[in-house]
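See structure below.
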Amino acid sequence: MAQLAAGNRAPAFTLTDQHDKLVKLSDFKGKKVVVYFYPKADTPGCTTQSCALRDAEPDLKKLKAKVVGISPDKPEKQKKFDEKYDLGFPLLADENHKVAQAWGTWGKKTLYGRSFMGIIRSAFVVDEKGKVADVFYKVSPKATVPKVTESLEG
């Protein structure tokens, strides 16, 4: 699995959000964007991570950053997740995990001694020009906001 590094061009994507609208990375050109990949909507770690980003949105907005979440879940599941926790930012459905592969977040995981392929929880800060400003692979749900905030402030 090839991983991205700061300075790389962020891989383009066009995915369906929780409202069945197509969202492209290029929609955010001229803005900073926090792109985070999470394994599964409405599971404990993903809920912690997503709610922390929701709660940090006023601070992220002051830093001129938007938030976009991506998981392999279907748009309907993303919508339920958004409505349950009032997240308020795009949750994109990468059902065939092609975008996750391009961003280096699809890989081998082990849980309870069982190996399988899945999303490696990660967060990225993309600058106004579409370049990766910072990369956080295997980020913990609770560390996502402090790490991206520090990057945006830097």
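The values are calculated or read from the model by the stated rules, or taken from the named source; none is laboratory data. This one's a predicted model, so the numbers in the text were calculated from it and none came from an experiment. Counting neighbours? That spans all protein chains shown, and the Cβs are built from the backbone with ideal geometry, glycine included. The area values use the complete protein model at the heavy-atom level, side chains included, leaving out ligands, DNA and RNA. Shrake-Rupley method; radii C 1.70, N 1.55, O 1.52, S 1.80 Å.
Scan segment 81-109 for residues that are more than 24 Å from residue 132 (Cα to Cα) and surrounded by fewer than 14 Cβ atoms within 10 Å (Cβ to Cβ) and report the count.
Looking only at that region, the number is 3.
Considering each of 23, 67 in turn, give the residue that is touching a helix residue (DSSP H, G or I) at 6+ places or on another chain (Cβ under 8 Å) and at pLDDT 95 or above.
It is 67.
Is it the case, given these coordinates, that residue 62 is open to solvent by 50 Å² or more (accessible area, probe 1.4 Å) and either more than 20 Å from residue 143 (Cα to Cα) or β-branched (Val, Ile, Thr) (or both)?
no
Would you be able to tell me the number of residues in segment 13-47 that are among the hydrophobic types (A, V, I, L, M, F, W, C) and open to solvent by 90 Å² or more (accessible area, probe 1.4 Å)?
Residues that pass the stated criteria total 1.
Please pick out the residue among 147, 142, 129 that is assigned to a loop (DSSP other than H, G, I, E, B), modelled with pLDDT of 95 or more, closer than 25 Å to residue 30 by Cα and not aliphatic (A, V, I, L, M).
After ruling out the rest, the residue left standing is 129.
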